[in-house]
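Down below is the structure, laid out as structure tokens.
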Amino acid sequence: MKAGCSRFWDMERMIKSQDIFILLVLLRDTLGEWTYDTLSAHVGVAKSEVYRSIKRSASSHLFDLQSRRVRKAELLEFIAHGIRYAFAVAPGNSVRGMPTAWNAPGLEEHLMTDELERFVWPHPRGTMRGRAIEPFHDAVIAAAAQDEELHRQLALCDAIRLGSARERKLAATLLTEALKS
């Protein structure tokens with residue numbers, strides 16, 4: 001293998017689903033001037049994982065290390081066009097959990113689907129039964145329970161991962177609008 005080709009397969013640089021979660025948290029801008037310690041405590045993810053996440057996001061051009069800001073346009077483009085391929089989802093069995101995709105609070109009126117198609121992040125104290133969708137990270141459920149808008153944004157990402165072309169387009173539009181404010 002040529003020396004330059006080894007970077008192509010560098011697993012440390014490949015974006016992970018938890019990186020999307022952390023970038024969306026940073027876009028919420030509830031932390032102000034954040035440190036790795038404050039971000040770690042806020043999202044419930046180990047400091048070392050947060051550090052590696054930011055590095056991966058920067059190497060994927062989704063985060064600017066110099067300004068310490070999320071590259072919003074690039075992130076939105078990736079979510080709208082790549083997330084369903086990079087983090088494909090296969091709904092599991094019916095379980096109790098926290099609603100996601102078009103079943104999340106505030107999205108039902110926008111994304112109408114068959115009543116039988118309910119999706120949840122599995123959680124024993126969830127408010128709804130539906131087909132299990134693995135969240136981007138184990139910490140997503142706790143973070144979403146504390147921040148309704150973050151819950152909505154993460155659910156829109158799941159709608160893009162799960163939906164038909166029409167639903168994906170509408171979810172991407174709603175996410176873009178949510179992130180403008």
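The values are calculated or read from the model by the stated rules, or taken from the named source; none is laboratory data. These numbers were taken from a predicted model, which means no experiment stands behind them. Neighbour counts are summed over all protein chains in view; Cβ atoms, including those assigned to glycine, are modelled from backbone coordinates with ideal geometry. To get the accessible areas, we keep the full protein, side chains included, count just its heavy atoms, and leave off ligands, DNA and RNA. Shrake-Rupley method; radii C 1.70, N 1.55, O 1.52, S 1.80 Å.
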Yes or no: segment 71-94 includes at least one residue that is modelled with pLDDT of 95 or more, assigned to a strand (DSSP E or B) and open to solvent by less than 30 Å² (accessible area, probe 1.4 Å). no
Only unsatisfied item for Trp121, checking (1) aromatic (Phe, Trp, Tyr); (2) within 12 Å of the chain's Cα centre (by Cα); (3) modelled with pLDDT of 95 or more, is (2)
Quick one: would you say Leu107 is under 26 Å from Gly32 (Cα atoms), open to solvent by less than 20 Å² (accessible area, probe 1.4 Å) and not in a strand (DSSP E or B)? no
How many of the residues making up segment 43-52 are free of Cβ contacts under 8 Å to residues at least 60 places away in the same chain and either surrounded by fewer than 21 Cβ atoms within 10 Å (Cβ to Cβ) or touching a strand residue (DSSP E or B) at 6+ places or on another chain (Cβ under 9 Å) (or both)? 6
Read through the list (1) open to solvent by 50 Å² or more (accessible area, probe 1.4 Å); (2) outside any helix (DSSP H, G or I); (3) not basic (Lys, Arg), then give the number of the only condition that Thr173 fails. (2)
Residues of segment 31-42 classified as over 18 Å from Phe136 (Cβ atoms) and either hydroxyl-bearing (Ser, Thr, Tyr) or surrounded by 13 or more Cβ atoms within 10 Å (Cβ to Cβ) (or both), total: 6
Residues of segment 53-65 being part of a helix (DSSP H, G or I), touching a strand residue (DSSP E or B) at 6+ places or on another chain (Cβ under 8 Å) and open to solvent by less than 10 Å² (accessible area, probe 1.4 Å), which ones? Ile54, Ser57
Could you check Trp102 against (1) surrounded by fewer than 18 Cβ atoms within 10 Å (Cβ to Cβ); (2) touching a Phe, Trp or Tyr at 6+ places or on another chain (Cβ under 9 Å) and say which number it fails? (1)
